[in-house]
Amino acid sequence: RILISSDLIPEGCGPVGTCVREKQVQVFNDFLADERARPWREAAAARGLRAVAALPIWLEGKVYAAFTVYAHEPCVFQQKEIELLGEIALDVSYSLKHLAADQKRREAELALRASQTALLKAQHLAQLGSWSWNTVTGEAVWSQEIFRLHDRDPAQGRSEEHTSELQS
């Protein structure tokens, strides 16, 4: 079992914890020799892991996770590799940002539908309706309850007589 933390404790001073806490790339190019890696040295040696790079994944202005890559050879992560991994981390951050925005949009759409349903029920129970009138185009929009109150089929459209009456 391996414990990783972002707190300032020995288990939080490795590449992942430091990356998350300090919000920057961390590279341990000789993991087995790096004193900060002592809590994981035995497990890393058993798996043949010699180098680690951890890069921040961002969401809503905060470090959300760490993109972590391990290597079986020491000194693998040089400037070119770190830049490439940085691009991947930014792509993941960008994707998470858009997934979160899509989720918020879906939640807002559900809330809007629920609100519209509640409004329709309230209008029906109160026997009142709503309408809007665009003064630029002259277009009037009636709620379902206005159609019902005027005994009109919504498929027939609104009555100009009733619309004029509502506008005055």
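The values are calculated or read from the model by the stated rules, or taken from the named source; none is laboratory data. This structure is a prediction, so every number in the text was calculated from the model and none was measured. Neighbour counts are summed over all protein chains in view; Cβ atoms, including those assigned to glycine, are modelled from backbone coordinates with ideal geometry. Protein only, heavy atoms only, side chains kept; ligands, DNA and RNA dropped before computing areas. Shrake-Rupley method; radii C 1.70, N 1.55, O 1.52, S 1.80 Å.
I need the shape label for the stretch 1-96. Rule: rounded when a/c is under 1.5, else prolate if a/b > b/c, else oblate, with a, b, c from the alpha carbon gyration tensor. Could the numbers behind the result be given before it?
Values: a/c = 2.19, a/b = 1.32, b/c = 1.66.
In terms of gyration-tensor shape, oblate.
For a test of the definition: using alpha carbon positions, the gyration tensor, and the 1.5 limit on a/c, classify the chain as rounded, prolate or oblate. Please list the in-between numbers first.
Details: a/c = 5.57, a/b = 3.90, b/c = 1.43.
Verdict is prolate for the chain.
May I ask you to list the lysines whose Cα is less than 21 Å away from that of residue 104, ignoring any residue fewer than eight positions away on the same chain?
Within reach: 62.
Quick one: with all protein chains in place, what share of the accessible area of the chain is carbon or sulfur, to the nearest percent (1.4 Å probe)? Don't skip to the end; give the middle numbers.
Details: 6220 of 11310 Å².
Reported share for carbon and sulfur atoms: 55 percent.
Can you figure out the FRET efficiency of residue 72 with residue 21, using R₀ = 35 Å and their beta-carbon distance, to the nearest 0.05? Spell out each step's value before the answer.
On the way: r = 27 Å, r/R0 = 0.76.
FRET efficiency, residue 72 to residue 21: 0.85.
Going by average Cβ density within 10 Å per residue, which order do the peptides 65-73, 94-102 take, highest to lowest? Show your work: numbers first, answer last.
On the way: 65-73: 16.6, 94-102: 11.9.
Result, highest mean Cβ count within 10 Å first: 65-73, 94-102.
Determine the per residue accessible area of the chain with all protein chains present and a 1.4 angstrom probe, expressed in square angstrom. Let's see the in-between values first.
Values: 11310 Å² over 168 residues.
Each residue of the chain exposes 67 Å² on average to a 1.4 Å probe.
Once every DSSP H run of n ≥ 4 in the chain is given -39500 (n - 2.57) and the sum is divided by its residues, what mean residue ellipticity at 222 nm do you get, rounded to the nearest 500 deg cm²/dmol?
Working: 5 runs with 77 residues, N = 168.
Taking each H run of at least 4 residues, the total per residue is -15000 deg cm²/dmol.
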